[in-house]
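Okay, so here's the structure we're looking at.
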Amino acid sequence: MPETLVSEVGGKVGEAVELKGWVHNFRSSGSIFFLQLRDGTGRVQVVYSKAEVPEQVWAGLQTLTIESSVLVTGTVKAEPRSPSGVELSGSGLTVVSVAAEYPIGKKDHGPDFLLNNRHLWIRSARQEAILRIRNEIAFAMREFFYERGFINTDSPIFTPNAVEGTTDLFEVKYFDDKAYLSQSGQLYLEATSAALRKTYCFGPTFRSEKSKTRRHLTEFWMLEAEAAFMDWEENIQLQEDMMVFILRRVLDRRAADLKTLERDTKTLETSAQGKFPRIHYTDAVAQLQKLGSDMKDGDDFGGDDETILTKQYDRPIFIHHYPAAIKAFYMKPDPADPVHVLNNDMLAPEGYGEVIGGSQRIDDLALLEQRIAEHQLPPAAFQWYLDLRRYGSVPHSGFGIGLERAVAWICGLEHVRETIPFPRLLNRLTP
Ligand code: 4AD
Ligand code: MG
């Protein structure tokens, strides 16, 4: 009998098939046994009738527990009442392994319990859907950049110096020396973009942020893109095009998973049309003050400010021209208004806030040296980076998108801890 996946049975009405998977749930009413099977691609009900199956099949069914692994054979039948439109009329059963009593039940568990059992929790329908959407987003981003001629040049994880500021670095022993886990691949990407013009990297990023918020992980995945001869406005357009590409992909290919998550897709559909508003930092501050925030010109946005601001719009927004004083050392001041830099954040709607940070970079050697000194960064560690301004410096820009923040928004989740298979948080390193 041909082996099939649950995702394919919809097209096989009338055929006999074999499925391999796990018992998601079961119930029995005397002479009928209902087995809910999941196989990693979907869920389907298999219905056995005592009168129609061999005795040992019926006996095998009686040994099943939740999450036992099984091979099932049966005939696919149309079933309008089932979400997939089909069910199986079961004929055979091989029990691969009877599962011990499964700790995750139907009752509501607290987040700590679920996170302690993350290795099992990921088998639930919601978690499966989230991880499939994460996969779709990651793949879409790679495809977007490949199609646009960007070359994937991954940055190292062991690094000798800070990129985004020195406060949140993880220090590790590196033989007789010390190293830091990368908090951004950007500086290396600036080097590869001078070699290959348009480059991107995609990998784990580490920040020892003591923030216990719904937006912060200590280990997260960031895709960073960089292009020589790209200015800050082209950089913003690139970010918008990428986000539109991602959204269309997820809406087209992961509709069933969005449904599992009960995601209202209205804002995602609107956002997939592009035309994200671009707002100057100073205007955003004024708007927030009108909305009752006590934020002052010159302050950075808090998470609450971002939430209030993004709720005013039906799609992502770009905030550009932040004050130089609150931003990273490498951001290029606007020549016409050097108090502000040629940077932007992309804030996701529905209260989600920052998902992307980007900027045009300082291309002038003397100014960059000055900024490194002002930020009290060790000049020796930055000599190779300064070389990029000594040998054929060009205007260039780039950005980084946090994968988990994007997944949280697109899936409509409360917290980023559900967006990554095994989250690393301030107080969590296991499983
Ligand atoms: O704004 P950030 O710090 O920018 C950079 O690292 C730049 N070097 C990127 C570049 O221009 N190449 O971080 C970029 C994004 C944020 O917008 C956010 O989505 C995500 O990375 N991010 C986090 N995601 C989860 N947990 C954290 N602790 C994060 N910190 C940043
Ligand atoms: Mg940022």
**Prompt:** From the list GLU414, GLU354, which one is part of a loop (DSSP other than H, G, I, E, B), charged (D, E, K, R) and either away from ligand 2 (no atom under 16 Å from the Cβ) or in contact with a helix residue (DSSP H, G or I) (Cβ under 8 Å, 6 or more places away or on another chain) (or both)?
**Reply:** GLU414
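Residues are listed down the side, and each one gets a yes or a no for (1) in a strand (DSSP E or B); (2) crowded, with 19+ Cβ neighbours inside 10 Å; (3) within 16 Å of ligand 2 (Cβ to nearest atom):
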{"site": "HIS109", "(1), (2), (3)": "no, no, no"}
{"site": "HIS119", "(1), (2), (3)": "no, no, no"}
{"site": "ARG126", "(1), (2), (3)": "no, no, no"}
{"site": "ARG142", "(1), (2), (3)": "no, no, no"}
{"site": "THR199", "(1), (2), (3)": "yes, yes, no"}
{"site": "GLY203", "(1), (2), (3)": "yes, no, no"}
{"site": "LYS210", "(1), (2), (3)": "no, no, no"}
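Return the residue satisfying two criteria in turn: it lies in the range 230-271 and is basic (Lys, Arg) and assigned to a loop (DSSP other than H, G, I, E, B), and of such residues it is farthest from GLU143 (Cα to Cα). Talk me through it step by step, then tell me what you get.
Within the range 230-271, the subset basic (Lys, Arg) is 248-249, 253-254, 259, 263, 266.
Retained after the next criterion (residues that are assigned to a loop (DSSP other than H, G, I, E, B)): 254, 263.
On the way: ARG254: 16, ARG263: 25 Å.
Filtering first and then ranking leaves ARG263.
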**Item:** Residue in the range 99-113 that is closer than 25 Å to PRO2 by Cα and either over 34 Å from the mean Cα position of the chain (by Cα) or of a type outside the set (Ser, Thr, Tyr) (or both) present
**Value:** no
**Item:** First in the range 366-392 and part of a helix (DSSP H, G or I), second anywhere and surrounded by 11 or more Cβ atoms within 10 Å (Cβ to Cβ) and of a type in the set (D, E, K, R), Cβ under 6 Å, 6 or more apart
**Value:** LEU368/ARG389; LEU388/GLU190
**Message:** Just to be sure before I move on: is GLN312 at positive phi and more than 16 Å from ligand 1 (Cβ to nearest atom) in the structure I sent?
**Reply:** no
**Request:** Please state which one of ILE319, ILE308 is out of contact with any Pro (no Cβ under 8 Å at 6 or more places or on another chain), closer than 18 Å to GLY398 by Cβ, of a type in the set (A, V, I, L, M, F, W, C) and assigned by TED's automatic domain parsing to the domain that holds LEU223.
**Result:** ILE319
**Asked** Quick check: is even one residue across the range 278-287 surrounded by 16 or more Cβ atoms within 10 Å (Cβ to Cβ), in the same structural domain as SER182 (by TED's automatic domain parsing) and without any contact (Cβ under 8 Å) to a residue 24 or more places away in the chain?
**Response** yes
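The values are calculated or read from the model by the stated rules, or taken from the named source; none is laboratory data. Computed from a predicted model, the values in this text were never measured in an experiment. In this analysis, Cβ positions are derived from the backbone assuming ideal geometry, glycine residues included, and neighbour counts consider all displayed protein chains.
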